[in-house]
Structures are given as structure tokens and as C-alpha cells.
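*Asks:* So that we are looking at the same thing, I have put the structure below in C-alpha cells.
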Amino acid sequence: MLRYTLLRILGAIPTLLLVIALAFLMVHAAPGGPFDAERRLPPEVEANIAAKYHLDEPLPKQFARYLGGLLQGDLGPSYRYRDRTVSELIGSAFPNSLRIGALAILFALLVGISSGTYAALRQGTLTDRFVMGLSMTGISIPVFVIAPVLVLLFAVKLQWLPAGWTSTESVSRYVLPVITLALPQIAYIARLTRASMIDVLGRDFVRTARAQGLGTLRVVRVHALKPALLPVLSYMGPAIAGIITGSVVVEEIFGISGVGQQFVRGALNRDYTLVLGVVVFYATLIVAFNLIVDILYAVIDPRVRYR
Amino acid sequence: MKTVKVTGSILLAIAVAAIAGPWLSPNDYVTTNFNAILSNPSIDGARWFGTDDLGRDLFVRTMLGIRVTLAVAIVASIVSLVIGVTYGAIAGYVGGRVDAVMMRFVDTLYALPFIFFVILLMVVFERNFLLIFVAIGAINWLDMARIVRGQTLSLREREFVEAARLTGVSTARIVFRHIAPNLIGIVVVYITLTIPQAILFESFLSFLGLGVQEPQTSLGTLVDAGVGHMERASWTLLIPASLLAVILLCFNFMGDGLRDYFDARHGQ
Amino acid sequence: MSLLDVTGLTIRYGNNTVVDGVNLFVERGESVGLVGESGSGKSQSAMAILGLLSAGAEVSGSIEFDGRQVLGADERWLDTLRARRIGIVFQDPMQALNPYLRVGIQLRQVLLAHGLADARSADARVTEMLARVGLPDPQRQFRAYPHELSGGMRQRVMIASALIAEPDLLIADEPTTALDVTVQAQILDLLEDIRDNTALLLITHDLGIVAGHCEHMIVLEKGRVAEAGPTTSVFASPRHEHTQTLLSAALRVDRGAAPEPVDGRTLLAVDEASVRYRERGGAALEAVNDVSFALRQGETVAVVGESGSGKSSLVRAVLGLVPMASGKVVYAGEPLEGPVQHRARAQRRDLQLVFQDPASALNPQMRVQTIVEEPLLVHERGMPSNERLGRVTAILAKVGLSDAFLRRFPHELSGGQAQRVAIARALVLEPRVLVCDEAVAALDGSVRKQVLELLRNVQDETGLSIIFISHDLAVVRSISHRVLVMYAGRLVEAASNEQIFSTPLHPYTKALIDSVPVPDPVVAPKAAPVRGETPSLLNPPPGCVFHPRCPRVDDTCSVERPRLRDSGGTRVACHYPLDN
């Protein structure tokens, strides 16, 4: 198990390096420098700026410098907000994103798994079809459609909830962003759980357990739940990626000052270091999360450890 | 098969409307009319879907948006089909070390926050129509490659392939006559499931203002514009949003229906 | 009152009636065999007794257990019946045990669910039960996952789980079909020893098992009872036509005329062939180790062995489907080397293969005509299409299939028909050597008999040489001229059919023969001749590979590897061969 964990961690490092290198290269392959977008600068000013941001050095050296900074948690200075570093910008925005994202994931797991299991146990009934139809709708409607529709309904028409990110620390401001972010994930997790639960319930070892008179509840709890949730566990990596992507939209629509919003602003403002920093930050997050999922998978499925 | 027929018909109807619609309307998609800003849908002046904040006809713009959305989806799916099937089939058929390396690469790519890369790409290389197509296709090929590789690998181990090898059937014939026909089902299913992903992604980019540029439009761009006016003119949001949802829903249900159909046939 | 009283049991799925008016009784403590070929409805009947049929099944008739009606009973009462009153053992323990749970936990759940033990005493009961079914070191095995156990040990765990709640009736559904024959003998012994007064309903396709272990038997045919009665009288004087067919198709390992030896010239000679596979992590696995044999014109040589014996790898290497690590093959005076795709066209044409599972051996997307004509397209490029069609119909006729089959897809064929198509494909090029890899293992007894006859006829007509790989010694006895016995990748004995079955020299050969159940209730079943199971090829035992299981083992055996040597026409690798 320890060996497996170490191997996985070692395996994640090249992935991470590749991501960083790719993002770095893309940013530096941008036609023209980051500062020549709006106005012509005198050459000596340009040279000064280039020197300040080390843009005059050869690319490999810049990359090495970037990696060195990264190891110390330094993502470099922002091109746009001259007096702030990218790390500061992300650091100040991340708590908001984290809170909404984590709540959305928890909510999605809770509702998704329970409704999926419920539908699987009632396979073929009207309830099952209703739950599945609903979740298919959930998968098919993009976040940026759900969000404004929810706002239109609950904030504008019914006026139950605030439409935006109110400055007061109230719980109600979380409701719409979290639900919006969670809905597609709920739908996906419910479908995944249902399909895999039906598959597991059809396996021979479940037939054995039923033949031993364990009763539906015990069969599901002891025998079926663990294997049925393995696909859901595997999906956690993509789910996190989905939540992060969704957060870009949700933060934009609800006006939440989070990392996603910064990313979009950075992208539109050509703040390359900020954009690069966010990509690297999120990539690290996703890689780390995938790593945890892999290890958890091995804990649950004893056969994996031996491969 | 019923689901497939129903959803297929709806999609066909939408596609036909998107192609023929603009010709039926007396309006076009660029002419602004500042006397009719955000006007309600009405029969007068054939403003079937009303107008936007520049007084442009929303019906024609919506139909145009559908065209762009469908075009992106189709091109992106073809890109992902070509890359994914080729890559997956090679990895699966060659097997061994080659397969291990190729799949390790796919695993690595899986860990990337692709959306961010595409956004980065859009920012760095300006907004380019073709680039959107290719970028979206380039993301979606991963699933296809995995599926095709798994299927090919299991087909390659099947005894009828071994029998063909033993008799001296050429590799080309084995691939095209023995393996490919057994892959079609699963590829068709995954293509129908890839299309909505591509659509979703294109509209996501357009929504962020990083996709299709004015005066061209797509459903995502229209939804984005609609969000800005939803309090005054909810139809500007609801019409493109519901059309987008219907299209996505139809593709998803179609994929599901096809999967059930092929699963049932496989079970025989 | 019978313990189990089933009358007029009928099970339908839509328009498909799989069980049709079955009557069946089991008295307390007795053993009843439920026999039938695939699709006869035997497993469905068992599932109905436990109330475990899938939701789509329509059931009618009556199933009374100990005086109470099972059909339509509520699920809670059925749960008190399952395991507590009726235990069940399924065919494949790898599938039937939960791979995600330690085996001890799975057994413990049975006790807890039925309130037979509290959380503290349960573990001791489970360990005791594991010891009773013969698991070495039960304390440790309690914590094992199913995949960490061997096939035989897994089935012992399955039996433990079926008997731990001390039921009145044990249903065993093909309990040994997934196991090797020497392990099958051990498991059958265990079932006899352990069940005490528990009644046994044994479901099987193997008449040998019924003859040796059941007092009464019921023969099913397509969902109906063909015949029922005491085992001895059914065997002695079968009244129903179907029973007669089954009995006449049942092959015996203990008697039968050996085919006349063939005196042709040597067609194929294999010299010291070895096959190695590289496992993940770099460990080498010796699947085949220095095996030599020759095949004469018109002769059938059987290669016999249990799982992991290397018999399939050996012939695959000869055919060039897997690489040979060392050794050489000479065919008709020419060396046969390299992977199959690099071999001369004529050589590829002359050596053909028939697989075990016809469902997998035929491309599901091709029609029978395309499947059979494909070899001609490769080897007879210039042949006009009408001549090709003529060849295809002729070969199909030879294997007993009419023109009507040309347009069919594989899924429209029965198992026997599909195997005939596979044989037709192999024969259409008129090869000189046909390799049959467990070619009749997946077939029902009556169909198996026809396919064996077909092979024999083709051989008589064309002088075909056959390499016949099989784990089934009764089949081998009926078809082969000479027999090679393999164990853990090594050839342990090679002799004529006559010699192998009348005077086996290697203890393993004898054990293999003695393990096969004989379809004759007059012959008392022998106790399992050897313990243990086939060793791992990754880490084979030193000295003689068979020594850990051998009844004649001695100090030399664990140190020195016996060489293959001649002894009166038999080649045997043993320090202390049997002298009979």
C-alpha cells in the first residue's frame, strides 16, 4: 500500500511539470509581448519592463526561474496590478471559491448518491424514470443557463434570495451559487450511481448475499454500496474540474470575487502572469485531487494494490 | 429506438429551421433599429423572437446562432472522432509497451484543466473560429480514445481475430473486416455523447465573451446577452437558453437510446 | 411430508417457458441429483426454490418447504428461509464471493443477519467453520480476500458460507464445474463428509457426479422432467429416450476400446519447446518447459492437463501464435519457426485451429458464408466466386450443416452448430494438421458426441492429423491414439492411449484418471487421490513439480528434478514410477 502510494505520488510529478511547461510555453508564445497591446512604449521603457519581468532572458532560464519561484509558492508579479503578486491575488480570492466549491461538491455527493441508489432499487418504475429524466435535464442544461434562470425566479420574481454576492456575511448568499454549481454534478453523480448500482446488484456475489437471506438493506449496505461507489469515486477528479470550470461562470454571474472571476478578468486584460498562475494553481489542485482519489480507490478495492 | 427517432426528428427540425429560417424572415442579423430596442416578440414586422438591445432581429440571430453552434459541434466531433479512433485503435491493436505509453499520455492529459488551456489559447491567439473547432475537438478525443482502445484490445484478444491471423488474413483486412465493424456501435454512441459536450463548451466560451465574435453569434453569446436584459426582457434569455437546452437534451437522450440499442444487440 | 415438495413448477419469461410443470421431492437427509443439459431449466428451478428469480419471471405451481408455501411468500419470511433452512453453493466462487470483502466478514454477515451469533462470538464460529471445510490456517484466511485464495479454497469458503447456519437443505448448483478435476474430487469428498444430515440437491450436467453422489435423480429436458427415480435404476434401465441419449453420450474413463495405434510417418516433430511469459514487474513465467513430441500422419495426439499445465501455450507456440523461448518444430521435413505472420503460406494453410468457445471464435458481424470462405480468399486468390461458394457449401455439408446456414449470423446458431461452423472454417483449406483446443469442452454431452464423431470421420476420410487438447480424460480416452500428460508446464508422461489408461506410470496421471467421476452407480466413487492444487508457475516447487501433492513423495523428489525417460514404450518423468 505504501509502495503504491509512493509510486502514485512519483507518477503525478511529471504530469504536473508537463502542465506547467505547457501553460508557460503558451503564454510566452503569445504574439507580441504582454505590454504592447494598447499603446506604443518608448524602447528604453520597454527594455526596462522586460528586464524587470526577466523577459529579456532566454526561455529555458525564465522557465527555471518560474519553477524556482513556484517551489516557494511565488507565482510572480501581476502584469496588470503592478503592486501585487499573483500569489496574493489568488490567495485573497481563493477562500470564496473554496467555500462555494466544497459546499457544492458535498451537496452533489449527498443528493446524487442517494437519488441514484434510490432509482436503482426501483429500477423501471415511474420514480426511477422521473429521477433519471430530471438528471438528464440537469446534465443538458449549462450552468450559465441555470444560473440566470434561478436568479430570475428566486431573486427577481420571488425575491426570496439575494441576486448577487451581498457584502453582508449571510448564509442566504451561498444558496443560489452553490445550487447552480452543484446541479450538473448532482445529475451526473445520480446517473453514475444508478448505472453502477444496477450493475453491481446484478452480479453473482449479490445473488449469493440475497441467497443468504441478508435482506435488501444489508445486501446494499454490506455488499453493494462499496463497489457501486467506485465509479463515483473515479469521477471525483473530473467533478472537481467541472466545479472549477463552473465556478468561472457562477462567480461571473453572481459577482463573487473568486479565483474564477480573476481568471476571466485576467484573460480579458491580458494579465498573462495571473492567467498562468491560476492555471498552474488549479492544475496542481486537480492533480492532487486525482492522486487522493487513486489512493482511496486502492484502499477500497483490494485487487488494485497488487497491480 | 423510439427515443432515437423522436430526438432525431426534433434535432432535424431545429437544423432545418436554422438553415431555412433566416430566408423566411424579411429581417437580417446586422441591421440595427434604435426605435425598436428590446421589443416584445410579435407578428408585426415578423419580429417573432423580438429584438435585442441594438434593435436587431432576434429570430434571425437565434437561427444563425443555432447554425454556428451545430457547426462547431459537428466539426469538433469529427476532429475528436478522427484523433480518438485512430489513437485508440492503434494503442489497442498494437498493445504492449506502445499501448502502455500511449495510454499513460492520455492519463496525463486527463489531469489537465483543459478548459483553462483553451481559454488561454483564445486569449493568446485572438479569437479564431477555426481554433475553437480544433481546440474543442482536441479536448473531446480523450474519452473516445479510451473507449476505442478498450474495445479494440478486447476484440484483438477474441478468438476470431486469432483465427484470422492464423489463416493468414492480412492485418489491413483484420482491422477493417474484423475489428472495425465491431467498433462502429460504440463509436456512434460516443459521438452522439461528444456532440453535446462540444456544444456546451462552445457556448461556455461564447458566454465568457471568448468565443464567436460580433456581429456573428452563437447560442452561448445570445444567452450571455440575454442575461444582461433578463429583468426587462426575459425572452432574450429564455428563447436561446431553452433552444440550447433542447438541443443538448436531444443529443444526450439520443446517445442514451443508441447505447441501449447497441447493448441489447450485443447481448444477443 | 417431504422436506422439499415442488409440484407443477412452471417459469415463464414472456413467451419463453424455461421450466414447464416440474415435480421434484427431496426427503430429509437424502441426496437428489438434478441433471440436464444447458437450457434444461435446472438452475432456474433452484433459483425458484429460494425465491431468487428475476423480476421478469412468471412463476406458477407450488413449492413447499417443510410444509410451507414458498411461492408468493413475503420477502421477510423468505429471508429467514435462505441460508438458515436452505443453503446454496454456486458454480463459480470467484464470481459468487464479494471481491471487496474479506471472506471472514462475508461469513460473519450470515450469522449476524440470522441472529445466530453476536458480534463477539461470530468470529470464532466463522474461524471454526473455515477449519471444518479444510482451510489451512483459518485464523489467517479469515482476513483473506477471495482473489488471494486458490479456486478450490474459494469453493470451500462458499461451502462454509452455505452451511454455517446449519440448514436442512443444501442446493449445490454445478459446484465443481469451474474447478480442475483433481480439485473437483476433493470438493465432492468435502460435500459428502460435511453435510451430515443436511439434504442435498445437486445440480449438474455430469452424470458421473450424480452416479457417485446422489441416491435419487431427476433428468430434465427443455424444462420438463424426462425421468425421475433411484439413481441405480435410472442408470440400469433408463425408460425415457432423452435419458438413454444422455447415458449413451456419457463417456467413461474407466473402460472403452482404445483406437488402433496409427503407423504413419512423422508429420510434425516438436523438440524441447519452451514458452515463457513476462509478467508485470518483470518476473518470468515458465508456461512450457522443454516439451518434445511427434505427431504422425492420420494420428490423434491428446495433450491432457489441468489449468496452468501449459497445454494451450504449447500448441499456440507450435502454431506461431505465441513466441517460443527455445526449442524447434519440424513440419514435413521443413523447420516451422517465427510468428505465424512470417511463415510460408503453405505452412499456414496446413495447420489449422479450432477453439473452445465457438461464440468467441466467430465474428459476430459476419455471416456463416463469409466466415467459412475467408480462408479461401486468402489462399485461393484466383478462385472464381461460384467455385468458392461450392467449396463452402461442400465443407458445410461435410460438418452436417445445410445451405440454409450460409446467410445466418453466429448469434442465430446453437453452440453445436457454431462449433461446426468453426470446424468448417478450419477444414475448408484441407489442412493436414488440425489443432483442437478444448474444442468440445463448451458443448453438451450429446452434441459433444456428434462433434467427436465428425472429427473421427474426417480423419478416416482424409488422413488428417489431430492435436487434441483437453482437460477431460474420458473424452481423451475415446478419441486419441496417443496421450501426453502435462503438469505445471512440464511433460510428465507420454504413452499410447492403451498404456496411459490401463497402466499409468506417473502418480499424477493415475490421480488424474482416478479423479474423473464415472457415470455408473455400481462403481463406487474413489476418494480424492491427491491433495492441494496446481502450483503457481511464477514460483514452481523445486525438484519434481508434482512433489508437494504426490502420495509417493520422498526426499529425492523435493531436490532433484526427474528426467523424462523411456519405460516400455512410455516416457515418464518420475523418480518412483508406479509399477502397477
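*Asks:* Past 24 Å, Cα to Cα: identify those pairs from A:226/C:42; C:328/C:510; C:398/C:449, in the order given.
*Replies:* Working: A:226/C:42 32 Å; C:328/C:510 30 Å; C:398/C:449 16 Å.
Correct reply: A:226/C:42; C:328/C:510.
*Asks:* Between the alpha-carbon centers of segment A:146-203 and segment A:252-277, tell me the distance in whole angstrom.
*Replies:* After rounding, the separation between the Cα centres reads 23 Å.
*Asks:* Just grab the label-to-label distance for residue C:15 and residue C:263, each label 7 Å out from Cα along the Cβ direction, in nm (one decimal).
*Replies:* According to this spin-label approximation, the distance is 6.1 nm.
*Asks:* Give the cross-link partners of residue B:2 among the aspartates and glutamates, using a straight C-alpha distance below 17 Å as the criterion and excluding same-chain residues fewer than 8 apart.
*Replies:* Once the sequence-local aspartates and glutamates are set aside, what remains near residue B:2 is B:256, B:260, B:263.
*Asks:* Provide the net charge surrounding residue C:341, with neighbours chosen by a C-beta distance below 13 Å and charges set as Lys +1, Arg +1, Asp -1, Glu -1. Working shown, then result.
*Replies:* Details: positive: B:165, B:173, C:343, C:345, C:348; negative: B:162, C:337.
Residues near residue C:341 contribute +3 overall.
*Asks:* Next question, about the same structure. To the nearest 0.05, how large is the calculated FRET efficiency for residue A:25 and residue C:332 if R₀ is 56 Å and r is the Cβ-Cβ distance? Don't skip to the end; give the middle numbers.
*Replies:* Working: r = 62 Å, r/R0 = 1.10.
Computed FRET efficiency for residue A:25 and residue C:332: 0.35.
*Asks:* Could you work out what % of the accessible surface of the protein assembly as shown is carbon and sulfur, using a 1.4 angstrom probe and leaving DNA, RNA and ligands out of the count? Walk me through the numbers on the way to the answer.
*Replies:* Values: 27500 of 48660 Å².
Carbon with sulfur: 57 percent of the solvent-accessible area.
*Asks:* With all distinct Cα pairs included, what does the Kirkwood hydrodynamic radius of the protein assembly as shown come out to in Å, to one decimal, could you say? It would help to have the intermediate numbers written out before the result.
*Replies:* Working: mean 1/r = 0.0291 Å⁻¹.
Taking every pair of different Cα atoms in the protein assembly as shown, averaging 1/r and inverting gives 34.4 Å.
*Asks:* Using each residue's phi in segment C:171-181, evaluate 6.51 cos²θ - 1.76 cosθ + 1.60 at θ = phi - 60° and report the 3J(HN,Hα) Karplus result to the nearest Hz, with x for Gly and Pro.
*Replies:* Once rounded to whole Hz, the list reads 9, 10, 9, 6, x, 10, 5, 8, 10, 5, 5.
*Asks:* Mark the label point 7 Å from the Cα of residue C:254 along Cα→Cβ and return the residues of segment C:460-493 whose backbone N is within less than 18 Å of it.
*Replies:* Backbone N within reach: C:473-478.
*Asks:* At 0.36 nm per residue, minus the direct Cα-Cα distance, what do residue C:558 and residue C:1 gain on full extension? Give it in nm, one decimal, please. Walk me through the intermediate numbers first.
*Replies:* On the way: separation 557, 0.36 × 557 = 200.52 nm, distance 5.67 nm.
Full-extension gain reported as 194.8 nm.
*Asks:* Here's another thing I want to ask about it. Residues in segment C:1-16 near a label at residue C:62, defined as backbone nitrogen under 18 Å from the 7 Å Cα→Cβ point?
*Replies:* Residues passing the 18 Å test: C:1-11.
*Asks:* Tell me: how much accessible area in total is hidden between C and A, 1.4 Å probe, Å², nearest 100? It would help to have the intermediate numbers written out before the result.
*Replies:* Working: alone 25270 and 17180 Å², together 40150 Å².
That pair hides around 2300 Å² of surface in total.
*Asks:* On to the next question. Working with all protein chains in place, sort C:296, C:549, B:97 by solvent-accessible area computed with a 1.4 Å probe, largest first. Mind dumping the intermediate values first?
*Replies:* Numbers: C:296 75, C:549 10, B:97 200 Å².
Most to least solvent-accessible, the answer reads B:97, C:296, C:549.
*Asks:* To make sure I understand the rule: partners must be aspartates and glutamates, Cα under 18 Å from the Cα of residue C:526, and not fewer than 8 residues away in the same chain. Which ones qualify?
*Replies:* Straight-distance partners of residue C:526: C:180, C:189, C:192, C:193, C:206, C:215, C:254, C:472, C:514.
*Asks:* For segment B:56-208, compute Rh as the Kirkwood radius over C-alpha pairs and then the Stokes-Einstein diffusion coefficient at 10 °C and 1.306 mPa s; write the answer in µm²/s, rounded to an integer.
*Replies:* Details: Rh = 17.0 Å.
The calculation lands on 93 µm²/s.
*Asks:* Output needed for segment C:533-580: three equivalent-ellipsoid semi-axes, defined as square roots of 5 times the C-alpha gyration tensor eigenvalues, in descending order, whole Å. Spell out each step's value before the answer.
*Replies:* On the way: eigenvalues 81, 28, 21 Å².
The three semi-axes for segment C:533-580 are 20, 12, 10 Å.
*Asks:* So which lysines can residue A:61 reach, going by Cα to Cα under 21 Å and dropping same-chain residues fewer than 8 places off?
*Replies:* Cross-link targets: A:52.
*Asks:* Provide a whole-number value for the mean count of partner chain Cβ atoms within 10 Å of the Cβ atoms in peptide C:373-379. Write out the running numbers ahead of the final one.
*Replies:* Values: counts 0, 9, 6, 1, 4, 6, 2.
Rounded to a whole number, the mean comes out at 4.
*Asks:* If you consider only alpha-carbon coordinates, what radius of gyration and Dmax does segment C:4-249 have, in Å?
*Replies:* For segment C:4-249, the Cα radius of gyration and maximum Cα-Cα distance read 18.0, 57 Å.
*Asks:* Please report, for the Cα atoms of segment C:388-443, the Rg to one decimal and the Dmax as a whole number; what are they, in angstrom?
*Replies:* Rg then Dmax for segment C:388-443, in Å: 11.4, 31.
*Asks:* For the pair residue C:30 and residue B:170, how long in nm is the line joining their label points, each one 7 Å along Cα→Cβ?
*Replies:* Going by the 7 Å Cα→Cβ label model, 6.8 nm.
*Asks:* Could you please state, rounded to a whole Å, how far the C-alpha centre of segment C:382-398 is from the C-alpha centre of segment A:3-22?
*Replies:* 59
*Asks:* Something else about it: To the nearest 10 Å², what's residue A:132's accessible area with a 1.4 Å probe?
*Replies:* 20
*Asks:* Still on this structure, I have one more. How large is the helix-only mean residue ellipticity at 222 nm for chain C, computed as the sum of -39500 (n - 2.57) over DSSP H runs with n ≥ 4, divided by its residue count, in deg cm²/dmol to the nearest 500?
*Replies:* Details: 21 runs with 195 residues, N = 580.
Result for chain C, helices only: -9500 deg cm²/dmol.
*Asks:* Now a separate question. Looking only at other chains, what is the average number of their beta-carbon atoms within 10 angstrom of each beta-carbon in C:350-363? Working shown, then result.
*Replies:* Numbers: counts 0, 1, 3, 5, 2, 5, 1, 2, 2, 3, 7, 6, 4, 12.
Going residue by residue through C:350-363 and averaging, the value is 4.
*Asks:* For chain A, what is the mean residue ellipticity at 222 nm derived from helices alone (per DSSP H run of n ≥ 4: -39500 (n - 2.57); sum divided by total residues; nearest 500 deg cm²/dmol)? All intermediate terms of the calculation are to be shown ahead of the outcome.
*Replies:* On the way: 12 runs with 221 residues, N = 307.
When only DSSP H runs of four or more count, the value is -24500 deg cm²/dmol.
*Asks:* Taking Rh as the Kirkwood radius computed over C-alpha pairs, what is the Stokes-Einstein D of chain C at 20 °C in a medium of viscosity 1.002 mPa s, expressed in µm² per second?
*Replies:* Details: Rh = 25.8 Å.
Translational D for this selection: 83 µm²/s.
*Asks:* Using amide H atoms built in the peptide plane, which far-off residues or other-chain residues are under 5 Å from residue C:303 H to H?
*Replies:* Amide H neighbours of residue C:303, under 5 Å, 5+ apart: C:468, C:469, C:470, C:484.
*Asks:* Only helices at least 20 Å long along their axis, Cα-based, and averaging -0.5 or more on Kyte-Doolittle count here, so list those DSSP H runs from chain A. Don't skip to the end; give the middle numbers.
*Replies:* On the way: long enough: A:2-28 (39 Å, 1.83); A:86-121 (49 Å, 1.35); A:126-140 (21 Å, 0.74); A:172-201 (41 Å, 0.98); A:225-254 (38 Å, 1.32); A:272-300 (42 Å, 2.23).
Qualifying helices: A:2-28, A:86-121, A:126-140, A:172-201, A:225-254, A:272-300.
*Asks:* Dipole size in debye (nearest 20) for segment C:528-580 around its Cα centre, Lys and Arg Cβ +1, Asp and Glu Cβ -1?
*Replies:* Dipole of segment C:528-580, to the nearest 20 debye: 120 debye.
*Asks:* Moving to a separate point now. Return the calculated 222 nm mean residue ellipticity for chain B, to the nearest 500 deg cm²/dmol, obtained by summing -39500 (n - 2.57) across DSSP H runs with n ≥ 4 and dividing by the residue count. Walk me through the numbers on the way to the answer.
*Replies:* Working: 9 runs with 194 residues, N = 268.
Only helices count here, giving -25000 deg cm²/dmol.
*Asks:* Treat every Asp and Glu Cβ in the protein assembly as shown as -1 and every Lys and Arg Cβ as +1, leave all other atoms uncharged, and give the resulting dipole magnitude about the Cα centre to the nearest 20 debye. Could the numbers behind the result be given before it?
*Replies:* Numbers: 107 positive and 106 negative charges, 269 e Å.
Charge dipole, the protein assembly as shown, about its Cα centre: 1300 debye, nearest 20.
*Asks:* Using the alpha-carbon centroid of each, what span in Å lies between segment C:560-580 and segment C:301-362?
*Replies:* 27
*Asks:* Say a paramagnetic label sat at a point 7 Å from the Cα of residue A:226, along Cα to Cβ; which residues of segment A:277-305 have their backbone N under 18 Å from it?
*Replies:* Backbone N within reach: A:293-305.
*Asks:* Could you tell me what % of all Cα pairs in segment A:86-300 have separations over 21 Å?
*Replies:* Details: 13779 of 23005 pairs.
Value for segment A:86-300 (Cα pairs over 21 Å): 60 percent.
*Asks:* Probe 1.4 Å, all protein chains in place: accessible area of residue B:103 in Å², nearest 10?
*Replies:* 20
*Asks:* Please calculate the 1.4 Å probe accessible area of residue B:253, with all protein chains present, and give it to the nearest 10 Å².
*Replies:* Using a 1.4 Å probe on the heavy atoms, I get roughly 60 Å².
*Asks:* Just how large is the dipole of chain C about the Cα centre, in debye to the nearest 20, putting +1 at every Lys and Arg Cβ and -1 at every Asp and Glu Cβ?
*Replies:* Details: 60 positive and 69 negative charges, 280 e Å.
Value, rounded to 20: 1340 debye.
The values are calculated or read from the model by the stated rules, or taken from the named source; none is laboratory data. The model shown is predicted, which means the values in this text are computed figures rather than measured ones. When we count neighbours, we look across all protein chains shown, and the Cβ atoms used for this are built from the backbone with ideal geometry, even at glycine. We work out accessible area using only protein heavy atoms, side chains counted, and drop any ligands, DNA or RNA first. Shrake-Rupley method; radii C 1.70, N 1.55, O 1.52, S 1.80 Å.
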